[in-house]
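Notes for the one structure printed next.
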Number of protein chains: 2
Amino acid sequence: MAYTVKAVSDLAGVSIRTLHHYDAIGLVRPRERTEAGYRLYGRSDLERLQQVLFFKELGFGLEEIREILDRPDFDRRRALLDHHELLTHRKDRIERLIRAVERTLEGMEEGKTVEERVWFDGFDATQYEEEARQRWGHTAAYKESRERAAAYSQADWEAIGSEQTSILRDIASLADRDPADPEVLAAVGRMHRFINERFYTCSLEMFRGLGDLAVSDSRFTETYEKLRPGLPAFYKEAVAAYCARSRA
Amino acid sequence: MAYTVKAVSDLAGVSIRTLHHYDAIGLVRPRERTEAGYRLYGRSDLERLQQVLFFKELGFGLEEIREILDRPDFDRRRALLDHHELLTHRKDRIERLIRAVERTLEGMEEGKTVEERVWFDGFDATQYEEEARQRWGHTAAYKESRERAAAYSQADWEAIGSEQTSILRDIASLADRDPADPEVLAAVGRMHRFINERFYTCSLEMFRGLGDLAVSDSRFTETYEKLRPGLPAFYKEAVAAYCARSRA
DNA sequence: CCTTGACCCTCACGTAGCGTCAGGGTGTAG
DNA sequence: CTACACCCTGACGCTACGTGAGGGTCAAGG
């Protein structure tokens, strides 16, 4: 079954001009053209368009999307699972905006002063966009680690793997303590240094974001849960405590 | 309490460049400048910025936002209530996207073919943007009715009011019937013609959207409920039936 | 066959809303 | 004084299309 541009436009909710543009930049090309030059899209074209639209919805630029989709190891199913998770977080953001409205109204009704900070909760979308980019390797940090990785030998990788496992094991063994316990902080600090030395320059801000990923990214969550039940949440708290102490 | 650009940027989650831009176009201006030229924002500036960000979140352009905020009768509280409702609908959209992912995955897992239409549910944002514009009078139709209204006299307005009330009353009196009942359709048709004659060129598509507003916009819902409990939903169904019949 | 209307094409100008950078001033703590 | 964080204005550039011009294609109906 083939679709012309109007059919695809109606189906997908994008303009014909957008489809022309995506064809022109090689992002979503129709499988064929009629003799008259009409574009005819097939099912796999629609699959790709769907992916484009999800990535776009999550804040990626078109060139970024193209790079991701063209990876030889791109896996559609894996991507959909990711989209699902990230969209859930986007929904959280809207809920935060809704609550900001409610809090603002409360402040107006009851004559009490609500902090201005409350008014703006949810507007800053960078956290969510950063999360999406972390997942797909579109951060400056990822690029830096790629460059370093290019220089690693097999032995290097084995050493890195052992070191990382060792640190995580240590943290897991301390998971019954307070996240702010000095030994916990020391172990988390080793992780921070490990990343800085082996992968990329990792600011406290970024490290804190990685801590959050332990809870919000199912790949990390699963891995950490296998090490020890409850570890994701503990790790996040421990990283947060470490970052707060290091900043002071 | 005064805030400089960095403070506002951190508070509201917008860039300093954005604040410069908003000042330059007169959208959000700081209440004063220091002798060195630093911008100092006050509470009411932040209130306005909050409104700008909500409208922007809902898809309005900056010029549109300015026009709305500068109306003498702009009411902050009324606006917040609207934002609340519209954001709830935006959340619905994200939920639709999430379900589209789920349905796509189901189709892949079970080897059954899911219609391509399902893949794209939620991507078309025009419905939501149109809804927001309807509320704030930023549609071509609204502009047309404004022009016509300029030519109406007091007597015209009275006649229009009576006519509209009469039509709505008729529809309400038929609300116990099937929405596709011929008499219902005739009454709804009178409303359609009324709008075309008195306000603006109203396509079936647009009229259908107005029917939806009876349910989704609390102002219409309240008014219609007062006429008769359950009328909003009935009206929506009746308009939908009328539009379907008229298209055939 | 002609007409009409919906759909298709390419080309190309223009834009909204900033991001980024250059170059230089201001305020505060050590 | 130095260093650092913050501030200013000016201005180039960019992404992702929207819009319009001008013209071809397809299919149904007269």
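The values are calculated or read from the model by the stated rules, or taken from the named source; none is laboratory data. The shown structure was predicted, so the numbers you read here are calculated from the model rather than taken from an experiment. Positions of Cβ are backbone-derived with ideal geometry, glycine not excepted, and every protein chain shown enters the neighbour counts. Just so you know, the surface numbers come from the protein's heavy atoms only, side chains and all, with ligands and any DNA or RNA stripped out. Shrake-Rupley method; radii C 1.70, N 1.55, O 1.52, S 1.80 Å.
Observations on the structure shown:
- Here residue A:75 fits the description: open to solvent by 20 Å² or more (accessible area, probe 1.4 Å) and more than 7 Å from every other protein chain (Cβ to nearest Cβ).
- Residues located in segment A:103-132, provided they are open to solvent by 50 Å² or more (accessible area, probe 1.4 Å), of a type outside the set (Gly, Ala, Ser) and more than 7 Å from chain B (Cβ to nearest Cβ): A:103, A:106, A:109, A:110, A:112, A:113, A:115, A:121, A:126, A:127, A:129, A:130
- Selection within segment A:168-203: residues that are outside any helix (DSSP H, G or I) and farther than 15 Å from residue A:241 by Cβ. The member of this set that is most open to solvent (accessible area, probe 1.4 Å) is A:176.
- Filter pass, residue A:18 being closer than 23 Å to residue A:90 by Cβ and within 8 Å of DNA strand D (Cβ to nearest atom): yes
- The condition (being open to solvent by 30 Å² or more (accessible area, probe 1.4 Å), within 25 Å of the chain's Cα centre (by Cα) and more than 21 Å from residue A:114 (Cα to Cα)) is satisfied by just one residue among B:47, B:57, B:32: B:57.
- The condition of being in contact (Cβ under 8 Å) with a residue 24 or more places away in the chain, closer than 23 Å to residue A:100 by Cβ, within 16 Å of DNA strand D (Cβ to nearest atom) and touching a strand residue (DSSP E or B) at 6+ places or on another chain (Cβ under 8 Å) holds for only one of B:27, B:40, B:46, that being B:46.
- Among (1) surrounded by 14 or more Cβ atoms within 10 Å (Cβ to Cβ); (2) modelled with pLDDT of 80 or more - the single one residue A:226 does not satisfy: (1)
- Yes/no for residue B:34 being within 14 Å of chain A (Cβ to nearest Cβ) and within 12 Å of DNA strand D (Cβ to nearest atom): no
- Some residue of segment A:29-50 being under 15 Å from residue A:136 (Cβ atoms), part of a helix (DSSP H, G or I) and touching a helix residue (DSSP H, G or I) at 6+ places or on another chain (Cβ under 7 Å): no
- Tabulated pairs, segment A:219-248, first in contact (Cβ under 8 Å) with a residue 24 or more places away in the chain and more than 16 Å from residue A:187 (Cβ to Cβ), second part of a helix (DSSP H, G or I) and open to solvent by 30 Å² or more (accessible area, probe 1.4 Å), C-beta under 9 angstrom, 6+ apart or interchain: A:247/A:204
- Across segment A:70-79, a minimum of one residue is classified as within 16 Å of DNA strand D (Cβ to nearest atom) and either charged (D, E, K, R) or in a helix (DSSP H, G or I) (or both).
- Every residue from segment B:13-52 that is of a type in the set (A, V, I, L, M) and more than 9 Å from DNA strand C (Cβ to nearest atom): B:28, B:40, B:46, B:49
- Residue match in segment B:109-122 (condition: of a type in the set (Val, Ile, Thr) and in contact (Cβ under 8 Å) with a residue 24 or more places away in the chain): no
- Any hit, segment A:79-98, residues being more than 16 Å from DNA strand C (Cβ to nearest atom) and more than 11 Å from chain B (Cβ to nearest Cβ): no
- Contact map, segment B:68-82: first residue without any contact (Cβ under 8 Å) to a residue 12 or more places away in the chain and within 13 Å of residue B:55 (Cα to Cα), second residue in a loop (DSSP other than H, G, I, E, B) and aliphatic (A, V, I, L, M), Cβ cut-off under 8 Å, separation 6 or more or different chains; the map is empty.
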